[in-house]
Amino acid sequence: MRKILVVDDDMDLRMTVVSALTEGQYIVDQASDGEEAVNRVRANQYDLVLMDVNMPRLSGIEALKEIKAHDPSIMVIILTAFSNIRDAIEATRLGAYNYLEKPVKSDNLVYMIDLAFRSQNMVKTLSYSAPVFNLPSGNEFVGQSNEMKKIFSVIDRLARVDTAVLIRGESGTGKELVAQSLHYNGPRKDNRFVAVNCSAIPESLMESEFFGHEKGAFTGADSRKIGKFQYAEGGTLFLDEIGEIPPSMQVKLLRVLQEKKFTPVGSNREIEMNVRIVAATNRNLEHMIKEGSFREDLFYRLNVLPIQLPPLRDRKNDIEALSKYFIERFNARYKKQIRGLNEEAVALMKAHRWPGNIRELENVMEHAFVLETAELITPESLPDKVRGIDSVTGEKPAAKISMSEGSVPMSGEQLLSFKLNVQKFDFQASKEEFEKQFLISALRAFRGKINQTALHANIPKKTLLRKLEKYGITAKDYN
């Protein structure tokens, strides 16, 4: 249960707030001034502090500074009279989540607390991605589950500046979660967070999607449309897969980042923008710069505050803690009382390569929850790929062959077919024969269901569809 501290020298107001919060099933303590509040925070563990600005002995502003210095993860909401709005705004600059004007309405209070806890949960979840923050001071903070104070401290510092951030890491490491944490814990949280997947926008429509267009600007432009930059005004624009932007668009994006203004397609008017840019990629941008496919000046414009998310295979010691995190989540969802994993299951989890990173781990844990009936997750409830068992034959794979998408297991029948082709000394024919047989076996095992086949065979869905088309395989034939 969440624990809240209410701080105000007005006893009637304290009791009103306490009454409203008790109905929300919170544990609520009280303090009559800033000094008492700081002492209570040092002696107890609180999730959130509701605090007045003007109080005897120690003001709300000074108390806020000491509370945040002690534990940056504590959310602080300032209660203020209209005449003290300037102080409340100053408090948000110093780390307070937000402020509420007196007299406080119960509905507004509960809603604000709910938003604060959502933002807090984002950062706590982010800690499991173990982000590495490269700060201007040259220091690096590696966030892990037992270093929550460091994570909150760095997120708090990054969230309060408008500098561009570049988040780097493989698919499934939690890049969008980092972007959301920066947004919802910063001064732009009351405005929009707009996410754009750059790889999903056709090159011919990208400029229009980003900057908007006027009616008649091009064929099919039947009405005026605002772009993502304008839609995100005052908030944060998250440009996911920034490495997929074509060179022609990189030039225009660079100009917008430099001049803070853009021109819609088909218009002569420039529009000024107030948007924070957070970008993410799983590509090697330095290599792309050498190849000439990504602009060096755009890279440096985006890479002011880089954040690196390491792959899960490099964090094997964190797998048990991550698994416990997902166990707690799925216990609440599925109404179970699973306590953890047994030793064999932990060993299998640590031996797995985790190509899908934390997203794959979450999927594996949910799979185990659906099947497990005991108090501890056992190997039998884990997916075949984690146990190292071929999902088609039910046996451990006899061999592996390297494909462009990674190493995939071979069944006995597939291995025999592969060996016959090897004897012909035709590498391409052997490789294609294996791919075809592997896809047919996987489709048969999962009854022609594309999503299930892609998930359990560890093949990206786009790659699977492309391969099926290449070999003339119809998924419906294996229903």
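The values are calculated or read from the model by the stated rules, or taken from the named source; none is laboratory data. What you are looking at is a predicted structure, and each value in this text was computed from that prediction instead of being measured. Here Cβ is always computed from backbone atoms with ideal geometry, including for glycine, and neighbour counts include all displayed protein chains. SASA here: full protein model, heavy atoms, side chains in, ligands and nucleic acids out. Shrake-Rupley method; radii C 1.70, N 1.55, O 1.52, S 1.80 Å.
Do we find that Ser19 is polar (S, T, N, Q) and under 21 Å from Arg57 (Cβ atoms) in this structure? Here the answer is no, as Ser19 does not meet what is asked.
I need a count of the residues in the stretch 370-390 that are crowded, with 16+ Cβ neighbours inside 10 Å and among the small types (Gly, Ala, Ser). Selection size over the stretch 370-390: 1.
Residues in the stretch 439-479 that are charged (D, E, K, R) and under 18 Å from Arg359 (Cβ atoms): Lys461, Lys462.
The single condition among (1) closer than 24 Å to Gly172 by Cα; (2) open to solvent by less than 20 Å² (accessible area, probe 1.4 Å) that Lys462 does not satisfy is (2). Checked against the criterion of being over 24 Å from Arg387 (Cβ atoms) and at pLDDT below 85, the candidates Ser441, Ser417 yield just one match: Ser417. Can you spot a residue in the stretch 208-216 that is more than 30 Å from Gln120 (Cβ to Cβ), assigned to a strand (DSSP E or B) and open to solvent by less than 60 Å² (accessible area, probe 1.4 Å)? Among the residues of the stretch 208-216, at least one is more than 30 Å from Gln120 (Cβ to Cβ), assigned to a strand (DSSP E or B) and open to solvent by less than 60 Å² (accessible area, probe 1.4 Å), which makes the answer yes. For the structure I just gave you, tell me whether Ala179 is closer than 20 Å to Leu305 by Cβ and open to solvent by less than 10 Å² (accessible area, probe 1.4 Å). Against the criterion (closer than 20 Å to Leu305 by Cβ and open to solvent by less than 10 Å² (accessible area, probe 1.4 Å)), Ala179 qualifies. Within the stretch 187-199, does at least one residue satisfy the condition of being free of Cβ contacts under 8 Å to residues at least 40 places away in the same chain, farther than 24 Å from Met112 by Cα, in a helix (DSSP H, G or I) and among the small types (Gly, Ala, Ser)? No, the conditions are met nowhere in the stretch 187-199. Can you confirm whether Thr219 is among the hydroxyl-bearing types (Ser, Thr, Tyr), buried (at least 18 other Cβ atoms within 10 Å of the Cβ) and free of Cβ contacts under 8 Å to residues at least 60 places away in the same chain? Answer is no for this residue.
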